[in-house]
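Remarks on the structure that follows.
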């Protein structure tokens, strides 16, 4: 997860508390029922060490950061509890009421309620914000268990039994030969062939989001491989050269300077017009496609682009 949350502050604060003040831990297995019979563990600053940090060393901990009494998030909470029951100890559901635990909200950098973080080995590895139905959350957790099954004890069995018949083995998803051809070209380092393969898919299926995302990635990989760090200085010396600004943005992005790349192109849009402006805008939008739509860096840059255009 880009910009992963640092939980060291939470851990340090929890360790400073006296041991007798900590609620008893529910153990190293699955989520322990709360007093109300829920499979979710209620977490505060007092017990986050045991319930989130310690448990995450052996099992994934799904931390639901929510607000009590909010009917809009009640459905998500119920769905997470249902999936936790079906998980049968494969992961732990820990719920934090942000109305009474605002410092935990700050440490997790919560910007939207509800937010869910999956914590493994005391570090968030996956997250999402907002309310999603069961048919979207189920594959999320299925994939999570698959990814972590070889890394943590106790997950493999839960993966096999998650979501239904323990004896039934899911049928393997058939491979799409069109994607296979594109991936093989990419493995060979033949970017042109990979681009052509994804473009062929999109010609037949213009709404294929997977192919569109892959095409954007491959095009950038091709440019990034030949990106010249000196392009940044060259662009700074020629602010009206749109081609130079595009090359510099690629170099910055390849070097991990995401905000700098976005800001460069937004400013180029501001000071140009006509075809130059369109070229800068289109290049910036293509860079947005390399990230999740809800990435805060993309959200901020989109707002800045809108201001520059209108």
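Are any of the residues in the stretch 125-139 at pLDDT 75 or above, crowded, with 16+ Cβ neighbours inside 10 Å and in a helix (DSSP H, G or I)?
yes
Here are some residues: 98, 144. Which one is in the same structural domain as residue 41 (by TED's automatic domain parsing), in contact (Cβ under 8 Å) with a residue 12 or more places away in the chain, over 18 Å from residue 40 (Cα atoms) and surrounded by 13 or more Cβ atoms within 10 Å (Cβ to Cβ)?
None of the others qualify; the one that does is 144.
Can you name the residue in the stretch 87-112 that is out of contact with any strand residue (DSSP E or B) (no Cβ under 8 Å at 6 or more places or on another chain) and within 18 Å of residue 126 (Cβ to Cβ) and is also modelled with the highest pLDDT among such residues?
Ranking the candidates gives 109 first.
Give the number of residues within the stretch 172-213 that are surrounded by fewer than 16 Cβ atoms within 10 Å (Cβ to Cβ) and in contact (Cβ under 8 Å) with a residue 60 or more places away in the chain.
Going through the stretch 172-213 one residue at a time, the tally reaches 1.
Please determine, by comparing only the residues of the stretch 157-179 that are touching a helix residue (DSSP H, G or I) at 6+ places or on another chain (Cβ under 9 Å) and at pLDDT 55 or above, which one is farthest from residue 140 (Cα to Cα).
Looking at residues that are touching a helix residue (DSSP H, G or I) at 6+ places or on another chain (Cβ under 9 Å) and at pLDDT 55 or above, I get 178.
May I ask you to list the residues in the stretch 99-124 that are in contact with a helix residue (DSSP H, G or I) (Cβ under 7 Å, 6 or more places away or on another chain), part of a loop (DSSP other than H, G, I, E, B) and closer than 16 Å to residue 51 by Cβ?
Correct list: 121, 122.
Can you pull out every residue in the stretch 183-215 that is within 18 Å of residue 285 (Cβ to Cβ) and in a helix (DSSP H, G or I)?
195, 198, 199, 202, 209, 211, 212, 213, 214, 215
Within the stretch 231-244, is there a residue that is modelled with pLDDT under 90, within 26 Å of residue 310 (Cβ to Cβ), in contact with a helix residue (DSSP H, G or I) (Cβ under 9 Å, 6 or more places away or on another chain) and surrounded by 14 or more Cβ atoms within 10 Å (Cβ to Cβ)?
The answer is no; no qualifying residue exists.
The values are calculated or read from the model by the stated rules, or taken from the named source; none is laboratory data. It should be emphasised that the depicted structure is a prediction, and the values quoted were computed from it without experimental measurement. Here Cβ is always computed from backbone atoms with ideal geometry, including for glycine, and neighbour counts include all displayed protein chains.
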